[in-house]
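The values are calculated or read from the model by the stated rules, or taken from the named source; none is laboratory data. Since we're looking at a predicted model, the values are computed, not measured. Here the Cβ is made from the backbone with ideal geometry for all residues, glycine too, and neighbour counts use every protein chain on show.
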Amino acid sequence: MTRTPASPAPLAARALLPGDVVEIACTDLIAKTGQAVGRADGMVVYVLGPVPGEHARVRIEMVKAKYAVAELIEILDRSPERAEPFCPVFGLCGGCQVQHLAYAAQLRWKRDLVAHALRRIGGIEGATVGFPVGMENPRAYRNKMALVVESGERPAFGFYAARTHDVVPIATCPIVMPQLDQTLAALWGAGADPATASAFSGAHHVVARAGRASAQSVVSVTTEQRSAELAGAGRALLERLPGAVGLTNSFEPASENAVMGRKNLTVAGVPELEEEIDGLRFRVSPASFFQVNGTMVAQIFAFLAQRFEGTERLVDLYCGAGTFALFFAKRGARVVGVEENPHAVREARANALLNGVEARATFTSARVEAWLRSKAGSEALAQAGVVFLDPPRKGSDEATLAALLRRHVPHVWYLSCNPATLARDLAQLTGGGYRLDLVQPFDMFPQTGHIEALAILRRPDVAPLGFEPAAGV
């Protein structure tokens, strides 16, 4: 009997080592970091610089069990969707992740982020995901900036570097509103002037917010304790800041990384500016729970207005300073807003009065899940035709979503800034019987890896309202 020799086992691919130079085909981007994703020798490789569709030569810097991190050497095949970054510190500053991707490609990529999260995390197949509503000019949109202050002979101002707490000095920022960019320049000037430099003694952060409609701004300086130096130089500092109507001292931060303190004191002027969006007036402070892109808030208003009749009783959970509650009330709805932060609730009540809808919009300061267990919460859900949710990035919680399921609320509209937690929470709602009619993304944060998305759900025995995907940009 002749025995056929066994074929030799295939050699395993050589493990990547730091210092190896390899070529990769880039297929995707990591939303949090903007790093491109490719493969080499069967291992996932992350590298900052390429965009999807490009081939690149990279040098391996670090190897983990399931992935490697590399440094870009050169782009071998340039994608037509590559864009020239317009900020001189892009790639160093952690504020933007995708300036090197053309804006139309950013929107397509963000739509895929949402759809992929629904499938992978939520297990939701076949969902209708609209093309993201974008901006005609996706720059100079942020109405708030939070600067890190570095003390020294002269104070310096900047943002944290990507993935670190190293500070990148910032002289100008093309993402913030022009008035805030001017404020940034004025802060550098004030830090170099002996008459005002003492205002930043012991400062950790400077937070500034501006209103597009009013051209007003307010600025807050965060210190460990109440600052006598800021109080002494505050009036002179306020006069240097363009359009500034108020300066506050935020102090006693809850943690080392907190940008704002638990206490606020008005140093000069008034603590709030006025803004107007789609005919609604808002008075907001640097600490307000208020969206950073007023143009995109108006787009969400317009989208909701296409089918919102204004006759419903509505519950707004995680309502912040009442941005959407006031929109619903202005259109005739009776709204109950719930928000844990008492400062935000005070602002919401004041803004309801400012817009003449205080009789139709009431606000409660409470943890959402605790309020829903109360008699008031149970009764409000029983009467609601719509529940609107706009939770923080961590999403809602199982107890809140379970309460919506128990009460059979006819319509749930869930606005989220995190596709992953949105998908997780939609899995619970659809698993409990809700039908997902549409997820419509809105590009609240151009040039970054973040995307806002509005999910429209209804009970299966309730007729759809007829929301249609938006037209995009």
Here is a list of conditions, (1) under 18 Å from ALA140 (Cα atoms); (2) part of a helix (DSSP H, G or I), and LEU187 meets all of them except one; can you say which number that is?
(1)
LEU389: passes all of (1) under 25 Å from ILE300 (Cβ atoms); (2) surrounded by fewer than 19 Cβ atoms within 10 Å (Cβ to Cβ) but (2)
Give me the pairs, please: first residue somewhere in segment 385-402 and within 13 Å of LEU457 (Cβ to Cβ), second residue anywhere and modelled with pLDDT of 95 or more and of a type in the set (Gly, Ala, Ser), beta-carbon distance under 7 Å, and either six or more positions apart or on two chains.
LEU389/SER396
CYS319, sole failed condition from (1) modelled with pLDDT of 95 or more; (2) under 18 Å from the mean Cα position of the chain (by Cα); (3) under 25 Å from GLN447 (Cβ atoms)
(3)
Matching residues, segment 192-224, being crowded, with 24+ Cβ neighbours inside 10 Å and in a helix (DSSP H, G or I)
ALA199, PHE200
